[in-house]
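The values are calculated or read from the model by the stated rules, or taken from the named source; none is laboratory data. Quantities reported herein were computed from a predicted structural model and do not represent experimental measurements. Don't worry about glycine lacking a Cβ; one is built from the backbone with ideal geometry, like all the others, and counts go over all protein chains shown. For the accessible areas, the whole protein counts, side chains as well, though only heavy atoms, and no ligand, DNA or RNA atoms are used. Shrake-Rupley method; radii C 1.70, N 1.55, O 1.52, S 1.80 Å.
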Number of protein chains: 2
Amino acid sequence: MALELRRPERTFTIRQLCTEFKATPRALRFYEDKGLLTPARDGMNRVYSYKDRARLILILRGKRVGLSLQEIREILELYDEGDEAAHQNAHSLKKFREKIVVLERQREDIDGAIQELNQACERLEKHLSEKRPDLLPKAADYDQMLRARLDGHADLALAK
Amino acid sequence: MALELRRPERTFTIRQLCTEFKATPRALRFYEDKGLLTPARDGMNRVYSYKDRARLILILRGKRVGLSLQEIREILELYDEGDEAAHQNAHSLKKFREKIVVLERQREDIDGAIQELNQACERLEKHLSEKRPDLLPKAADYDQMLRARLDGHADLALAK
DNA sequence: CGTCCCGCTTACGTCAACGTCAAGGCATAA
DNA sequence: TTATGCCTTGACGTTGACGTAAGCGGGACG
């Protein structure tokens, strides 16, 4: 099935991409409005290519790390216009470097936040095990959590 | 000076905190509106304690990692009600664990985004060095960047 | 044949996180 | 005294990223 998806001539409907990546048709059309996607058309209907799908993956990940659609568009544009407008590109270069700095700090922040949440969890578990051990999560719940985590990564696995 | 800041009885005006953390008074009042901060008052004026300042640090970092003010409030609430409502805390525990999973994925996303931005930068630099080497950043600019980065971390150094 | 279900477009609504006035209080400086 | 400056509380405006509803066209199903 992963092989199916990888076949370059393969195309997708809007709904297929939406269900695959848990987006909405409205969102994809919005991205198109903003120039981040330009799917082909079959009559009126949008037809997304394998490349469009790859762009969508980049868009969604960009969003998750806090990039604006505007910034994401700049990155995407860089990918398909190998050339032209060297002046603008100098500007892009500066902005990208700045963004990298921001993201690196963001990663530090996330590490810190994870640490603190872990500490908070430990405190909570200790508190609960003393006062209300009945409310502590059971082995079954933990199992459930692991499965959820894997589900969350399913699209990433398909994406590479 | 760091010792000054650490003295627990030390208080802060709204503007002091704003300049220290590059926020605006409007933002701090907004956080108060939403229940994330509850500074004391001297007449009409807000008086922020050392603890308020610590909360603000958590708020700002929470924002940087993409938490909503709502979520940040939940975390903060957990910090000062060490007790009571064990049932609710069991719920908090679950939410925190989920949030940790989200953050871990987010860190992966950030690593990927940094990689891509770096690649994009390399391509841009190569492109520029061939066509418009005059537009390439100079050593002075790099110096400037490093200074900016250090400034950005000054508050963190004071904060810990 | 009607009626779902998709899909399309256009247009207005919404929500978070503030920004931006407006109108005024209190204090210090000229 | 007036002026300057920081603080206050509303109240309304803004921006980004969509949601939602209205209205139409086209296959598929019963």
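Taking the criterion of being within 14 Å of another protein chain (Cβ to nearest Cβ) and open to solvent by 60 Å² or more (accessible area, probe 1.4 Å), the residues of the range B:14-69 that qualify are B:22, B:63, B:64. Applying a threshold of 7 Å to beta carbon distances and a minimum spacing of six or more residues, or different chains, the list of pairs starting in the range B:22-33 at a residue that is more than 13 Å from residue B:46 (Cα to Cα) and β-branched (Val, Ile, Thr) and ending at one that is open to solvent by less than 40 Å² (accessible area, probe 1.4 Å) and within 9 Å of DNA strand D (Cβ to nearest atom) reads B:24/B:18. Kindly indicate whether any position in the range A:2-9 is within 16 Å of DNA strand D (Cβ to nearest atom) and either assigned to a loop (DSSP other than H, G, I, E, B) or open to solvent by 30 Å² or more (accessible area, probe 1.4 Å) (or both). So far as the range A:2-9 goes, no, none of its residues is within 16 Å of DNA strand D (Cβ to nearest atom) and either assigned to a loop (DSSP other than H, G, I, E, B) or open to solvent by 30 Å² or more (accessible area, probe 1.4 Å) (or both). Residue count for the range B:61-76, restricted to those that are in contact (Cβ under 8 Å) with a residue 40 or more places away in the chain and of a type in the set (A, V, I, L, M, F, W, C): 2.
Listed by first and then second residue, the pairs linking a residue in the range B:112-131 that is free of Cβ contacts under 8 Å to residues at least 24 places away in the same chain to a residue that is of a type in the set (Asp, Glu) and open to solvent by less than 90 Å² (accessible area, probe 1.4 Å), with Cβ atoms under 8 Å apart and 6 or more places separating them unless they lie on different chains, are B:114/A:104; B:127/A:83.
Looking at the range A:6-35, which of the residues that are more than 14 Å from DNA strand C (Cβ to nearest atom) and in contact with a Phe, Trp or Tyr (Cβ under 9 Å, 6 or more places away or on another chain) is nearest to residue A:60 (Cα to Cα)? Among residues in the range A:6-35 that are more than 14 Å from DNA strand C (Cβ to nearest atom) and in contact with a Phe, Trp or Tyr (Cβ under 9 Å, 6 or more places away or on another chain), the one nearest to residue A:60 (Cα to Cα) is A:6. Among the residues making up the range B:60-74, a single one is of a type in the set (A, V, I, L, M, F, W, C), modelled with pLDDT under 95 and under 8 Å from the mean Cα position of the chain (by Cα): B:65. What about residue B:63, is it over 16 Å from residue A:116 (Cα atoms), within 13 Å of DNA strand C (Cβ to nearest atom) and not assigned by TED's automatic domain parsing to the domain that holds residue B:111? Answer is no for this residue.
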